[in-house]
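The values are calculated or read from the model by the stated rules, or taken from the named source; none is laboratory data. The shown structure was predicted, so the numbers you read here are calculated from the model rather than taken from an experiment. Using ideal geometry, Cβ is built from the backbone for each residue, glycine included, and neighbour counts are taken over all protein chains shown.
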């Protein structure tokens, strides 16, 4: 059986192990690390008082992370319009937002924006999402650029008290509530908003579902 040598620097020793032994040692180390991670995940679950968590979850989103991601989206929306007003590169910034705040570069995104309709109601690629926010794409002639209004202020509020409007399932979180946007004329518009966030291996939250609509108003 082939032998390999492992140098134990700290002890100044050379240990001879077979490949099978090394493989077993690696498995034991991985098992120990997994057990520790599970304990850490369990602690977060208990601390947050979570009820439903995906089986085998190794990564838990926190309420603070979700709230921060929602506020960051609001801030980015305002900044896109601000950059356009100031003559800045609003398009490059909007593309950056779609790469960092949404999951388009990593996988799938379901995006149904507020003012989209007909056969362009759903935007499942970055091109369609970018057109909605900044317009200027002949493939989406109805898009005037939602972010270019411009909005001078944006805020969000999840349904219920405190964090009741947030559901966390390990590395996935769902929010439901409202977003308010304010124009230069001071008029505030409210939309109903549902987001689903997924935490990536890099620890960043990205939107995988974005559903937005105007509130129903009975005649």
Name, by its number, the condition in (1) outside any strand (DSSP E or B); (2) out of contact with any helix residue (DSSP H, G or I) (no Cβ under 8 Å at 6 or more places or on another chain); (3) assigned by TED's automatic domain parsing to the domain that holds residue 123 that does not hold for residue 147. (2)
Kindly provide the set of residues from region 73-120 that are out of contact with any strand residue (DSSP E or B) (no Cβ under 8 Å at 6 or more places or on another chain), surrounded by fewer than 19 Cβ atoms within 10 Å (Cβ to Cβ) and closer than 18 Å to residue 212 by Cα, ordered by number. 115, 117, 118, 119, 120
Keeping to region 143-199, report how many residues are closer than 12 Å to residue 74 by Cβ and out of contact with any strand residue (DSSP E or B) (no Cβ under 8 Å at 6 or more places or on another chain). 1
Taking interchain pairs and intrachain pairs at least six residues apart, which have beta carbon atoms under 8 angstrom, with the first residue in region 89-100 and on the phi > 0 side of the Ramachandran plot and not assigned by TED's automatic domain parsing to the domain that holds residue 111 and the second outside any loop (DSSP other than H, G, I, E, B) and modelled with pLDDT of 95 or more? none
Unmet requirement for residue 123, which otherwise passes all of (1) surrounded by 19 or more Cβ atoms within 10 Å (Cβ to Cβ); (2) without any contact (Cβ under 8 Å) to a residue 40 or more places away in the chain; (3) within 19 Å of the chain's Cα centre (by Cα); (4) part of a helix (DSSP H, G or I): (4)
Can you name every residue in region 83-98 that is touching a helix residue (DSSP H, G or I) at 6+ places or on another chain (Cβ under 8 Å) and part of a helix (DSSP H, G or I)? 83, 84, 90, 91, 93, 94, 95, 97, 98
